[in-house]
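The values are calculated or read from the model by the stated rules, or taken from the named source; none is laboratory data. Since the model is a prediction, treat every value here as computed from it, not as a measurement. Methodologically, a virtual Cβ is constructed for each residue, glycine included, from the backbone with ideal geometry; neighbour enumeration extends over all protein chains shown.
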Amino acid sequence: MGIQHTNYYRPSSSNLIYALIPSAGYGLRMGGIKKPYIEISGKPILAYTLEVFQQSDLVDGIYVVVAAGDEDRCTQEVISLYRLSKVVGVIPGGKTRQESVLNGLKSLPSDTNMVIIHDGVRPFVAEEMIEDTLHCANIWGAAVIGVPVKDTVKEVDDEVFATKTLNRQKVWSIQTPQTFKYKIILQAYLNACNNGIQATDDASLVEILGGCRVKLVMGSYENIKITTPDDLVMGKAILESRCYQK
């Protein structure tokens, strides 16, 4: 269930909004196959993802961060082939996702107002998620898509004995897109770089920086990240279900 609001309001024509799509992983959990280029029903995963941002009237441009050396491959096999005209930059990534996103953030125009960070291998993102996170980030500075966990969640010690059962009603599984005012997320990443801080998602770095609360926005359980062969099977099932519903 999305945010109840009118269409996202741009304060001015100079309120530039860019999507930053990290796609630089080396696919170790997929047997060394680079995930963005794996095909589902004849189309690369990354193409499905980028098409959603291409179709959004709220997105002014798209920057894709790929594994160093894959710039031409991404351009030829995805961007040019599927006529993704909103892609304005293909940027070489770093050794980690965090390094890759920082490379991307540094490449954005200095007058960027908002940035939407979304995993390239999360192909079932919806335009509503883009709009909802933009709406909330415009108010609070940072907003991320997530879903409440369904299972009981336990905290464990180093020997994997349960130490605490967490309140399931207060625990969410975090996804992307994660949307921020550009100056906030750039400062958070630079702070992490300067202080050797590592985190598992973009919003964590904003939380560590402080000064801005992160708003959670309801997403979808179908908005999966395709990381392992099991995820690929699930992704094919989701796509087939959507085609059947049409």
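Data overview
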read-out: Gln187 of a type in the set (S, T, N, Q), modelled with pLDDT under 95 and in a helix (DSSP H, G or I); value: no
read-out: Residues of region 120-143 satisfying the condition of being under 16 Å from Glu222 (Cα atoms) and not basic (Lys, Arg); value: Gly120, Val121, Pro123, Phe124, Val125, Ala126, Glu127, Glu128, Met129, Ile130
read-out: Filter result (under 23 Å from Asn113 (Cα atoms) and in a strand (DSSP E or B)) within region 151-183; value: Gln175, Thr176, Pro177, Gln178, Thr179, Phe180, Lys181
read-out: Matching residues in region 173-199 - criterion: being under 12 Å from the mean Cα position of the chain (by Cα) and farther than 22 Å from Asn15 by Cβ; value: Ile174, Gln175
read-out: Breaking point among (1) surrounded by 13 or more Cβ atoms within 10 Å (Cβ to Cβ); (2) over 18 Å from Asp201 (Cβ atoms), for Asp158; value: (1)
read-out: Candidate set from region 183-196 (those that are surrounded by 15 or more Cβ atoms within 10 Å (Cβ to Cβ) and in contact with a Leu (Cβ under 7 Å, 6 or more places away or on another chain)); member that is nearest to Ala143 (Cα to Cα); value: Ile185
read-out: Close pairs from region 84-95: first closer than 9 Å to Ala24 by Cβ, partner part of a loop (DSSP other than H, G, I, E, B), Cβ under 6 Å, at least 6 apart; value: Pro92/Ala68; Gly93/Ala24; Gly93/Ala67
read-out: Residues of region 140-150 that turn out to be in a loop (DSSP other than H, G, I, E, B) and in contact with a Gly (Cβ under 7 Å, 6 or more places away or on another chain), as a count; value: 0
read-out: Qualifying positions in region 201-234 - buried (at least 20 other Cβ atoms within 10 Å of the Cβ), in a helix (DSSP H, G or I) and not aliphatic (A, V, I, L, M); value: Asp202
read-out: Test set (1) more than 28 Å from Tyr26 (Cβ to Cβ); (2) at pLDDT 95 or above - Gln178 fails condition number; value: (1)
read-out: Meets criteria (without any contact (Cβ under 8 Å) to a residue 60 or more places away in the chain and among the hydroxyl-bearing types (Ser, Thr, Tyr)) for Thr227; value: no
